[in-house]
Amino acid sequence: MSKRRIVYEGKAKILYEGPEPGTLIQYFKDDTTAFDAQKKAVLDGKGVLNNRISEFIMNQLSAIGIPTHFIRRLNMREQLIRKVEIIPLEVVVRNIAAGSLSTRLGMPEGQQLPRPLVEFYYKSDALHDPMVSEEHIAAFGWATPQEYDDIIALALRVNDYMSGLFAGAGIRLVDFKIEFGRYFENDHDMPRIMLADEISPDSCRLWDYKTGEKLDKDRFRRDLGGVTEAYAEVARRLGIIRESGDTDNVVSFTGGSK
Ligand code: UDP
């Protein structure tokens, strides 16, 4: 692994050159950061869980016709993906008020929104990912008008599907962040927009339907403890792993199933 060329290293993942042109290997680290990486920790087994959870969700979305960069999982921490040109936007979909929406608009956390909201943030660590509108996206050419329409339609389909998927597991999908990329099948064609990056409890807010217990990265942001255990609980409820609670079991289970 160390001999492979690193294409990009982020806070929670590393992208390596893939085995064939047009592919990359996405490696999930245990590193966790929040608040512009001011808060950091290494959470044993988190990368293994996110690799499995993201694989599962991307596969489910593919099955309903949503194009994704996911090709196949390679091992406990790595997946083979299509190389895409990342559109520099974080697309957030919200069903219930929480996090920055609650802070910005003074809306109590947990309030149901009248309809799903789609928001855009410009991907820039230096600028702390500022919120942007359709106007900025068009004026600065971050996405074409057609791509913008496709992104909204895909984001809402992902939201509908995932809301149902998680509801079936007794989990409320409060909000989530996704990213999209352009995939150039061959040089002459128009690129296709596809879902990229990851979908995991690092990028979603997930609340237990009955108790309201947080099963996502807010456990880390807000020092609630039991972060990996909560991610394992999500994986167990989705039927991805059999054990829950005991991280050792989770890691050994996922390790044994590659
Ligand atoms: N999110 C993310 N990466 C980011 C910012 C947000 O994955 O850099 C996710 C976050 O986990 C939540 C949703 O996007 O599910 C909305 O986040 P919000 O704008 O409320 O920001 P936060 O409260 O995380 O600062």
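The values are calculated or read from the model by the stated rules, or taken from the named source; none is laboratory data. Note that this is a predicted model, so its numbers are computed, not measured. Please note: Cβ atoms are built from the backbone with ideal geometry, for glycine as well, and neighbour counts cover all protein chains shown. Calculation scope for accessible area: heavy atoms of the full protein, side chains included, ligands and nucleic acids excluded. Shrake-Rupley method; radii C 1.70, N 1.55, O 1.52, S 1.80 Å.
Taking every alpha-carbon pair in the chain and binning the separations at 5 Å intervals from zero gives 1, 6, 12, 18, 19, 20, 13, 7, 3, 1, 0 percent. Shown in residue order for segment 132-149 are the 3J(HN,Hα) couplings computed by the Karplus curve 6.51 cos²θ - 1.76 cosθ + 1.60 at θ = phi - 60°: 10, 10, 3, 4, 5, 4, 6, 5, 9, x, 5, 8, 6, x, 5, 4, 4, 4 Hz (x for Gly and Pro). In loop segments of segment 59-153 as defined by DSSP, the chymotrypsin sites (Phe, Trp or Tyr not before Pro) with at most 11 further C-beta atoms inside 10 Å of their C-beta are PHE140.
Neighbours of LEU24 by Cβ distance under 9 Å: Lys/Arg scored +1, Asp/Glu scored -1, total +1. Going by the alpha-carbon gyration tensor, a ≥ b ≥ c the square roots of its eigenvalues, is segment 92-192 rounded (a/c under 1.5) or, if a/c is not under 1.5, prolate (a/b greater than b/c) versus oblate? Oblate, since a/c reaches 1.5 and b/c is not below a/b. Treating each Cα of segment 15-91 as an identical point scatterer and ignoring solvent, apply the Debye formula and state log10 I(q)/I(0) at q = 0.19 Å⁻¹. Debye curve over Cα of segment 15-91, log10 I(q)/I(0) at q = 0.19 Å⁻¹: -0.95. Could you tell me how far the Cα centroid of segment 1-77 sits from the Cα centroid of segment 98-140, in Å? Rounded to whole Å, the Cα centres lie 24 Å apart.
Take 196-202, 225-231 and order them by the average number of nearby Cβ atoms within 10 Å per residue, most first; the result is 196-202, 225-231.
Accessible area per residue for segment 73-129 is 49 Å², calculated with a 1.4 Å probe on protein heavy atoms, without ligands, DNA or RNA. Every helix of 4 or more DSSP H residues in the chain counts as -39500 (n - 2.57), and over all residues that averages to -9500 deg cm²/dmol at 222 nm. Packing, taken as the mean count of other beta carbons within 10 Å per residue, orders the peptides 203-212, 98-107 from highest to lowest as 203-212, 98-107. Roughly how many percent of the accessible protein surface of the chain is carbon and sulfur, given a 1.4 Å probe and a whole-percent answer? Using a 1.4 Å probe with all protein chains present, the chain comes out at 50 percent carbon and sulfur.
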